[in-house]
Amino acid sequence: MKRRTFLLTGAGIAGTLVVGWAVRPPATRLVAEAASLPLERGDVQLNGWLTISPEGLVTVAVPRAEMGQGVLTALPMLLAEELGCDWAAVRTAAAPIDRIYGNVEMLVDGLPFHPDEKGRAHAAGAWVVRKIGRELGLMVTGGSSSVKDAWGPLRIAGASAREMLVAAAAARFRVDPSTCRVERGWVRHASGLQASFGELAAAAAQIEPNRFPVLKSAEAFTIIGKSLPRTDVPAKVTGAARFGTDVRLPDMLHAAIRMAPAFGGDWIKFAANGAEGMPGVKAVLPVSSRAAGAARGIAVVATTWWQAKRAVDALDITWDAGPHGGMESAIIATRMREALDARRGAAYRAKGAMAAAFARANRIVEAEYAVPFLAHATMEPQNCTARVADGKVEVWVPTQAPSLVRWIAARTAGVTGHDVTVHPTLLGGGFGRRAELDLVVQAVEIARSTGGRPVQLVWSREEDMAHDMYRPAAIARLRGGVDSDGRVVAWEHFGASGSVMHSMVERIGFAPMGPDKTNAEGAADVPYEFANHKVEHALVKSAVPLGFWRSVGHSQNAYFTEAFMDELAAAAGKDPYQFRRALLAGHPRHLAVLDLAAARAGWDKPPAAGIARGIALAESFGSIVAQVAEVSLVKGEKGMAPRVHRVVCAIDCGQVIHPDIVAAQMESGVIFGLSAALFGEITVKGGAVEQRNFPDYPMVRMAGAPVVETHIVPSKAPPGGVGEPGTPPIAPAVANAVFKLTGKPVRSLPIRLA
């Protein structure tokens with residue numbers, strides 16, 4: 001930890017030595033540098049975030065991907081609150097690629113600090129990273145950071161535009177601006193004079209924007225905190241919403257692909273078997289680039305996708321398994337256990353004197369937990385549409401990272417980034433998978449051979465399941481000691497897995513450096529007040545490509561931590577809820593969340609016959625979530641299995657923007673995490689993934705979905721994330737309920753009972 005602080009502080013010092021950079025004022029996020037918003041006839045752009053039409057319609061630039069989490073509503077609400085417009089007049093547009101739209105707070109969240117650390121090193125590190133983030137302007141949706149990052153810029157943009165409109169009105173009325181007020185899209189004066197935003201926009205645009213406008217206090221909010229109608233729902237209901245697979249362009253072709261089954265494999269030879277003469281087929285061609293983790297394979301281009309898919313199925317391909325053909329899930333697990341045995345790991349937390357603490361423990365509990373690789377399995381198939389013509393590239397893609405799409409498309413086509421136009425679409429599920437670039441590489445490579453005609457590449461479900469970027473398999477060994485009063489005197493966590501960050505960095509052509517924070521998040525940063533706490537992690541690399549999966553390291557580490565918490569509580573003879581309470585005396589926000597979940601679940605009352613309750617608490621992405629799961633055991637196809645009836649969820653996510661969105665995301669996170677806890681497992685044999693489709697990789701179905709209740713703790717803290725924090729607690733909550741029902745701790749996922 002001291003070395004980490006030294007490195008971060010050193011980075012800050014090094015930054016100050018860069019002449020002309022560190023002393024410069026922060027890069028503004030108010031006015032775009034190169035890009036402008038799309039303007040309809042008569043629209044006026046007041047800054048980089050909004051335009052106003054003569055009719056008073058306000059169009060807000062949204063730089064984050066809409067994949068069901070509500071950014072097309074929550075982000076415009078921030079601007080509309082400060083602008084003072086009528087919500088019914090708000091429209092949205094995808095932000096162009098420009099530095100002002102970069103996601104700065106996502107990078108800050110990646111700093112390796114414990115949430116309780118708020119000292120000078122943390123402030124210096126955050127300052128440096130924010131400065132770098134503003135310069136990079138990386139447009140990425142991830143880390144549950146969309147609202148956190150927009151909280152400042154969009155409110156400033158709205159308030160600055162409001163001041164410009166008021167100044168324009170005051171000049172027209174010949175009054176002092178301080179005597180004017182803004183109401184629902186109008187600037188009004190006590191004398192009765194008034195003008196609409198649409199009437200004032202052109203004059204307001206001539207006024208210099210104020211980078212430091214006065215923002216509203218929380219007590220003055222009239223939009224933030226309300227469950228307003230979502231802007232994306234009407235088009236989704238009518239079918240007008242355009243996802244990636246909905247893209248249709250003049251003269252467009254379609255492509256299907258068959259990729260090498262084994263990771264790192266390749267084709268040796270292929271026979272068309274008449275595919276070239278099948279109806280609609282235009283070309284059969286190899287796809288060879290491995291950039292951004294793209295797998296090699298054979299593609300068919302045809303008039304329709306079904307024609308292309310049928311032709312791909314007809315191909316006779318001989319595959320070379322490559323250097324990883326002998327890889328098996330069991331071998332990877334053995335390597336992780338060997339690393340655990342050898343204690344080859346990096347320290348992420350080291351507090352207290354562990355040996356002395358364990359020596360005075362009245363009872364010591366040891367446990368090994370394991371989780372498998374997991375796929376994203378988004379509902380919308382993986383797809384990308386590309387056109388390469390006259391030295392220009394256009395890409396239509398459901399992406400979480402449009403600026404990276406532009407970069408990789410330019411690199412693949414051999415052009416500059418200025419020659420690439422990216423058209424982001426709605427996402428039919430993202431979960432981290434659509435931050436990847438492999439599909440873009442393939443689509444652009446195929447489009448280079450179609451004579452300027454656009455081509456839409458769509459993967460089959462089988463190809464998607466076999467060529468995902470997976471949540472790492474992981475094993476953790478935990479050891480805890482309790483004294484004669486049942487208090488925790490020592491907690492040790494040693495984990496092993498691959499690194500998501502290293503895997504991704506290598507895919508885009510860079511050498512990974514240092515430990516990966518995501519390997520220990522949910523373990524090293526727990527709020528429990530352990531006097532003696534040690535967390536280490538061993539990096540065990542394999543050929544399985546790893547990617548960001550909803551809640552990332554928290555998804556496995558919250559399970560390890562919270563399941564072991566119940567084991568220690570049992571050893572101490574304590575109630576699991578009260579056991580946790582005793583470790584949170586100095587964390588009132590966490591305690592309030594835990595108490596709310598327990599109270600609303602009726603923890604102090606016995607459940608119905610045959611049902612047990614399990615509880616879990618996890619902080620992730622700036623939000624605190626506690627969940628209580630009510631579970632019974634039912635007879636399934638393969639013996640007894642858990643049936644989750646009800647999940648009570650409590651959350652403190654700071655300032656709430658849209659309560660219904662928070663509730664929807666908690667429900668979504670619970671179902672997503674529950675699917676993984678009960679069913680999710682990707683296994684590798686012969687260097688290839690064994691699962692092929694949903695019969696092999698099932699999800700929670702409607703008939704098996706629990707009732708999910710969400711309760712929000714009021715808070716005036718800055719907003720936290722809500723897209724991912726609902727996922728980490730559900731697996732341990734269910735596992736802990738099963739522990740009560742069976743008397744045996746659940747030490748591996750998915751949950752399987754004899």
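So the values come out like this:
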{"quantity": "Enumeration of residues in the stretch 300-325 that are closer than 17 Å to residue 462 by Cα and of a type in the set (A, V, I, L, M)", "calculated": "300, 308, 311, 312, 314, 315, 317"}
{"quantity": "Hits in the stretch 101-134 (condition: outside any helix (DSSP H, G or I) and either open to solvent by 50 Å² or more (accessible area, probe 1.4 Å) or farther than 17 Å from residue 723 by Cβ (or both))", "calculated": "102, 111, 112, 113, 114, 115, 116, 117, 118, 119"}
{"quantity": "Search result, residues across the stretch 602-645 that are farther than 20 Å from residue 701 by Cα, crowded, with 23+ Cβ neighbours inside 10 Å and not β-branched (Val, Ile, Thr)", "calculated": "613, 614, 616, 617, 618, 619, 620, 621, 622, 623, 626, 627"}
{"quantity": "Residue in the stretch 666-683 that is part of a strand (DSSP E or B) and farther than 17 Å from residue 143 by Cβ present", "calculated": "yes"}
{"quantity": "Some residue of the stretch 77-100 being open to solvent by 50 Å² or more (accessible area, probe 1.4 Å), under 24 Å from residue 424 (Cα atoms), in a helix (DSSP H, G or I) and not assigned by TED's automatic domain parsing to the domain that holds residue 399", "calculated": "yes"}
{"quantity": "Verdict on residue 289 being closer than 30 Å to residue 525 by Cα and open to solvent by 20 Å² or more (accessible area, probe 1.4 Å)", "calculated": "no"}
{"quantity": "Complete set of residues in the stretch 141-169 that are of a type in the set (Val, Ile, Thr) and buried (at least 24 other Cβ atoms within 10 Å of the Cβ)", "calculated": "141, 147, 156"}
{"quantity": "So residue 57, is it open to solvent by 10 Å² or more (accessible area, probe 1.4 Å) and either aliphatic (A, V, I, L, M) or in contact with an Asp or Glu (Cβ under 7 Å, 6 or more places away or on another chain) (or both)", "calculated": "yes"}
{"quantity": "Residues (open to solvent by less than 20 Å² (accessible area, probe 1.4 Å) and of a type in the set (A, V, I, L, M)) located in the stretch 180-202", "calculated": "187, 195, 200, 201"}
{"quantity": "Residue match in the stretch 641-651 (condition: assigned to a strand (DSSP E or B) and either assigned by TED's automatic domain parsing to the domain that holds residue 150 or of a type in the set (Asp, Glu) (or both))", "calculated": "no"}
{"quantity": "Tabulated pairs, the stretch 189-209, first over 15 Å from residue 47 (Cβ atoms), second open to solvent by 50 Å² or more (accessible area, probe 1.4 Å), C-beta under 6 angstrom, 6+ apart or interchain", "calculated": "194/186; 194/188; 196/186; 198/54; 198/55"}
{"quantity": "Single condition residue 657 does not satisfy, out of (1) surrounded by 23 or more Cβ atoms within 10 Å (Cβ to Cβ); (2) within 24 Å of residue 522 (Cα to Cα)", "calculated": "(2)"}
{"quantity": "Pairs with Cβ under 6 Å, 6+ apart, first in the stretch 386-404 and closer than 12 Å to residue 414 by Cα, second among the aliphatic types (A, V, I, L, M) and open to solvent by less than 20 Å² (accessible area, probe 1.4 Å)", "calculated": "388/413; 388/447; 393/409; 393/413; 393/420"}
{"quantity": "Criterion (open to solvent by 20 Å² or more (accessible area, probe 1.4 Å) and over 23 Å from residue 89 (Cα atoms)) met by exactly one of 177, 234, 229", "calculated": "177"}
{"quantity": "Residue ID - nearest to residue 504 (Cα to Cα), chosen from residues in the stretch 540-572 that are within 14 Å of the chain's Cα centre (by Cα) and of a type in the set (Ser, Thr, Tyr)", "calculated": "551"}
{"quantity": "Scope the stretch 585-605; condition farther than 15 Å from residue 527 by Cβ, part of a helix (DSSP H, G or I) and without any contact (Cβ under 8 Å) to a residue 60 or more places away in the chain; matching residues", "calculated": "598, 599, 601"}
{"quantity": "Single residue of the stretch 684-720 satisfying the filter (of a type in the set (A, V, I, L, M) and not in a loop (DSSP other than H, G, I, E, B)) that is most open to solvent (accessible area, probe 1.4 Å)", "calculated": "702"}
{"quantity": "Within the stretch 513-524, considering residues that are under 18 Å from residue 373 (Cα atoms) and in contact with a strand residue (DSSP E or B) (Cβ under 6 Å, 6 or more places away or on another chain), the one surrounded by the fewest Cβ atoms within 10 Å (Cβ to Cβ)", "calculated": "520"}
{"quantity": "Tally, over the stretch 112-130, of residues that are closer than 30 Å to residue 426 by Cα and either touching a Gly at 6+ places or on another chain (Cβ under 8 Å) or in the same structural domain as residue 590 (by TED's automatic domain parsing) (or both)", "calculated": "1"}
{"quantity": "Which listed residue, of 531, 563, is of a type in the set (A, V, I, L, M, F, W, C) and surrounded by fewer than 20 Cβ atoms within 10 Å (Cβ to Cβ)", "calculated": "531"}
{"quantity": "From the options 362, 383, residue that is of a type in the set (S, T, N, Q), buried (at least 19 other Cβ atoms within 10 Å of the Cβ) and in contact with a Ser or Thr (Cβ under 8 Å, 6 or more places away or on another chain)", "calculated": "383"}
{"quantity": "Hits in the stretch 693-720 (condition: over 26 Å from residue 465 (Cα atoms) and touching a Ser or Thr at 6+ places or on another chain (Cβ under 6 Å))", "calculated": "720"}
{"quantity": "Residue within the stretch 497-512 that is among the β-branched types (Val, Ile, Thr), surrounded by fewer than 22 Cβ atoms within 10 Å (Cβ to Cβ) and touching a residue at least 12 places away in the same chain (Cβ under 8 Å) present", "calculated": "yes"}
{"quantity": "Helices (runs of 4 or more DSSP H) contained entirely in the stretch 135-235, each with at least 3 residues that are in contact with a Phe, Trp or Tyr (Cβ under 8 Å, 6 or more places away or on another chain) and not assigned by TED's automatic domain parsing to the domain that holds residue 433", "calculated": "153-173"}
{"quantity": "Residue list for the stretch 55-97, restricted to those being within 20 Å of residue 668 (Cβ to Cβ) and of a type in the set (A, V, I, L, M, F, W, C)", "calculated": "62, 65, 67, 71, 72, 74, 75, 77"}
{"quantity": "Sole residue being touching a helix residue (DSSP H, G or I) at 6+ places or on another chain (Cβ under 9 Å), outside the structural domain of residue 598 (by TED's automatic domain parsing) and modelled with pLDDT of 95 or more, chosen from 712, 751, 730", "calculated": "751"}
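Rundown of residues vs (1) touching a helix residue (DSSP H, G or I) at 6+ places or on another chain (Cβ under 6 Å); (2) under 18 Å from residue 386 (Cβ atoms); (3) open to solvent by less than 10 Å² (accessible area, probe 1.4 Å); (4) in contact (Cβ under 8 Å) with a residue 40 or more places away in the chain, yes/no style:
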{"site": "433", "(1), (2), (3), (4)": "no, no, yes, yes"}
{"site": "438", "(1), (2), (3), (4)": "yes, yes, yes, yes"}
{"site": "441", "(1), (2), (3), (4)": "yes, yes, yes, yes"}
{"site": "450", "(1), (2), (3), (4)": "no, yes, no, yes"}
{"site": "456", "(1), (2), (3), (4)": "no, yes, yes, yes"}
{"site": "460", "(1), (2), (3), (4)": "no, no, no, yes"}
{"site": "466", "(1), (2), (3), (4)": "no, no, yes, yes"}
{"site": "476", "(1), (2), (3), (4)": "yes, no, yes, yes"}
{"site": "484", "(1), (2), (3), (4)": "no, no, no, yes"}
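The values are calculated or read from the model by the stated rules, or taken from the named source; none is laboratory data. Worth saying up front: this structure is predicted, and the values here are computed from it rather than measured. Quick reminder, even Gly has a Cβ in these numbers, built from the backbone with ideal geometry, and neighbours come from all protein chains shown. For the accessible areas, the whole protein counts, side chains as well, though only heavy atoms, and no ligand, DNA or RNA atoms are used. Shrake-Rupley method; radii C 1.70, N 1.55, O 1.52, S 1.80 Å.
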